[in-house]
Amino acid sequence: LGHRHVQRIDHALTGLGARIRNLTITVGLARAALHNLWAVTGQWGRTIVETNARLERMNFLLRGLSAATTITEKIQDAERQFNAIIDMAKNEPFAINAITDAWVKFHSVGPDLTTVSLQSLLDAVASFGGTDEVLHRASIAIQQMAGKGVISMEELRQQLGEAVPTAIQLMARGMNMRVGDLVDKIASGTVEARSAL
């Protein structure tokens, strides 16, 4: 082969390599553009659909919690509860799912505890930097104490106390007692849960 033939082959291969490189870059850019387009449109739409589905499930759950007797009354009661939860979610650093979960736990032990007591718990857990998981554990402690009918040190100190470190002091103050007297009464099993909570 002559020198010119080698140069032509070299030039052709160099041109082919450049074209392949350019094609690879173009395909990569197109892939990134499609990924960004999905992130802006498709994923956003999916998030809206998932959120809407969660809110719809929450609405059905609240209808099931309602003590109303007619469907219309259940729908109205669920709407009232839904609005109360949304109002709490606007002002608290917790996800709406976490607040709904706590709402259900409070409602299961007595609808009269739900709004005021839940708001107090949300404020207390938030003031100590609690997360959704901490709120969940604290609401379980309240549910268990209310379900038993009496306050126990296990739920008060271990479960609720982890979420709200001053829970014992707050309960003693709310009951116009000294902490030591409250602890003695709890140990004897004579602190009625509903009024204490």
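With Rh defined as the Kirkwood radius, the inverse of the mean 1/r over Cα pairs, the Rg/Rh of segment 48-130 is 0.98. Counting 0.36 nm for each residue step from THR51 to ALA187 and taking away their Cα separation leaves a gain of 44.4 nm. Here the Karplus curve 6.51 cos²θ - 1.76 cosθ + 1.60, taken at θ = phi - 60°, turns the phi angles of segment 75-86 into couplings of 5, 5, 5, 4, 5, 5, 5, 4, 5, 5, 5, 4 Hz, with x standing for Gly and Pro. Straight-line cross-link partners of LYS148 among the lysines, defined as a Cα under 24 Å from its Cα and at least 8 positions apart when in the same chain: LYS105, LYS185. At full extension, ILE75 and ALA33 could sit 10.6 nm farther apart than now, given 0.36 nm per residue minus the alpha carbon distance. For LYS90, a cut-off of 15 angstrom between C-alpha atoms picks up these aspartates and glutamates, skipping any fewer than 8 places away in its own chain: ASP123, ASP132. Summarised as an ellipsoid, segment 90-194 has semi-axes of 23, 15, 11 Å, derived from the eigenvalues of the Cα gyration tensor scaled by 5 and square-rooted, with the largest first. Using the Karplus relation 6.51 cos²θ - 1.76 cosθ + 1.60 with θ = phi - 60°, the per-residue 3J(HN,Hα) values for segment 121-127 come to 5, 4, 5, 5, 5, 5, 5 Hz, with x marking Gly and Pro. With all protein chains in place and a 1.4 Å probe, the accessible surface of the chain carries 59 percent carbon and sulfur. Put simply, when 140-153, 79-92 are sorted by average Cβ atoms within 10 angstrom per residue, most first, you get 140-153, 79-92. Give the long-range amide H neighbours of VAL150: residues separated by 5 or more places, or on another chain, with amide H under 5 Å away, using H modelled in the peptide plane at 1.01 Å from N. Sorted by chain and number, the residues that satisfy this are ALA193. Remark: segment 48-197 carries 53 Å² of accessible area per residue (probe radius 1.4 Å; ligands, DNA and RNA excluded).
The values are calculated or read from the model by the stated rules, or taken from the named source; none is laboratory data. This one's a predicted model, so the numbers in the text were calculated from it and none came from an experiment. Methodologically, a virtual Cβ is constructed for each residue, glycine included, from the backbone with ideal geometry; neighbour enumeration extends over all protein chains shown. Heads up: the accessible areas ignore ligands, DNA and RNA and are worked out on the full protein's heavy atoms, side chains in. Shrake-Rupley method; radii C 1.70, N 1.55, O 1.52, S 1.80 Å.
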